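Notes follow once the structure below has been shown.
We did not get these values from a lab; they are worked out from the coordinates using the rules stated. Remember, predicted model here, so these are calculated numbers, not experimental data. Cβ placement follows ideal geometry from the backbone for every residue including glycine, while neighbour counts extend to all protein chains displayed.
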């Protein structure tokens with residue numbers, strides 16, 4: 001059994017989804033591990049990870065609009081506002097999504113569906129550098 005680990009840093013400009021499938025594919029390819037499990041972990045409490053459709057950008061816009069509705073910025077609504085009015089809504093959005101994903105690897109490639117891509121879902125409005133740890137274990 002072999003293992004490989006890598007930290008991918010994604011620079012975000014504002015709230016929204018940023019696809020990083022290509023970067024994860026490159027990591028898997030470089031490891032030369034043919035069969036295994038890729039774990040992806042976002043090291044932040046105001047950003048999350050999604051596997052989502054990567055063909056139609058309206059899916060991403062609708063997701064962002066939905067999260068604006070269920071975790072809105074609303075002055076006075078939340079006690080926690082240490083880093084600004086988008087701080088607590090960002091934590092709520094992360095709590096409703098996930099910070100870790102697992103993707104099988106077969107024949108040296110991630111086993112994703114035809115229209116599936118890996119996304120960092122940034123929940124803050126300001127630019128951030130987000131770290132995603134990629135860990136692949138297999139043979």
Pairwise Cα inverse-distance average, inverted: Kirkwood Rh of region 1-41 (Å) | 12.0
Two pseudo-spin positions, 7 Å from Cα along C-beta at residue 34 and at residue 6, lie apart in nanometres by 2.0
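In percent, how large is the relative contact order of region 2-138, given Cα pairs closer than 8 Å and 6 or more residues apart?
For region 2-138, the relative contact order is 55 percent.
So for each of 1-13, 91-103 I average, over its residues, the number of other beta carbons within 10 Å; can you give me the resulting order with the highest mean first?
91-103, 1-13
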Within the chain, helix-based [θ] at 222 nm, where runs of 4 or more DSSP H residues each add -39,500 (n - 2.57), nearest 500 = -8000 deg cm²/dmol
Report, to the nearest 10°, how far helix 57-70 tilts away from the longest principal axis of the Cα atoms in the chain, using its own Cα long axis and a range of 0 to 90°.
-> 40
Rg and Dmax of region 63-139, Cα atoms, in Å?
-> 16.3, 53
